[in-house]
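Chemist: Handing you a structure now.
Each value in this text was obtained by applying a stated rule to the coordinates, not by laboratory testing. Just so it is clear, the structure is predicted and the values come from calculations on it, not from any experiment. All Cβ positions, even for glycine, are placed from backbone atoms using ideal geometry, and neighbour counts span all protein chains on display.
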């Protein structure tokens, strides 16, 4: 048995009249347009903040694992800690696997920049500028400047690009789930006639080989 539900003509006419009235009001009311645009922009900023927080989780995880690794490495060097030495070695391997790959520092930098540009290009976002800098990741923390940790480098990229909301959100999602350490340190959105964003994004490398 097939049941059919009918809408009375009067209700359908009222609904059509409401849609026509709302459409007319939206076209003639500039203030309403700006209110709707403002609401959409606030929603967009909330989504950007959400994905940026996800990406920043990578930085917090990095700092936690670094602290734990430093403690276990120090304990493993003492006598009577064979089991802790095995645990520390396992953590070192896990930690090392998350460094940005590259046989030399220059190769690691080039690979990081290429990933940034290709990722944005895949999401139809034209990157205007990528400025790379690098330095010791642990330069201000003397307690950690021992052994293999002293060779860790921080590669930072400053990215400037026209604003593409969908592309930016997809990139932040990729950064938060990347197999290497990728940390969004700062994200600034410049509104106006030509909206754009400025992002400071970093990774960590331990190549052991300087540039030639």
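Chemist: If you count, for each residue, the other Cβ atoms within 10 Å and average over each peptide, how do 187-200, 163-176, 58-71 line up from highest to lowest? Present the calculation step by step, with values, prior to reporting the outcome.
Modeler: Details: 187-200: 13.3, 163-176: 18.8, 58-71: 14.9.
Packing proxy ranking, top to bottom: 163-176, 58-71, 187-200.
Chemist: To continue, here is another question. Subtract the Cα-Cα distance of residue 67 and residue 43 from 0.36 nm times their separation in residues, and report this length gain in nm to one decimal.
Modeler: Values: separation 24, 0.36 × 24 = 8.64 nm, distance 3.67 nm.
The residue 67-residue 43 span can extend by a further 5.0 nm.
Chemist: For residue 166 and residue 110 in one chain, what is 0.36 nm times their gap in residues minus the Cα-Cα distance, to one decimal in nm?
Modeler: Stretched fully, the residue 166-residue 110 segment lengthens by 17.6 nm.
Chemist: So, one more: How much length is gained if the chain between residue 185 and residue 118 is pulled fully straight, taking 0.36 nm per residue apart and subtracting their Cα-Cα distance, in nm to one decimal?
Modeler: Working: separation 67, 0.36 × 67 = 24.12 nm, distance 2.01 nm.
Once the chain is fully extended between residue 185 and residue 118, it gains 22.1 nm.
Chemist: Say R0 is 22 Å: what FRET efficiency, to the nearest 0.05, do residue 60 and residue 97 get from their beta-carbon distance?
Modeler: Values: r = 18 Å, r/R0 = 0.84.
E between residue 60 and residue 97, to the nearest 0.05, is 0.75.
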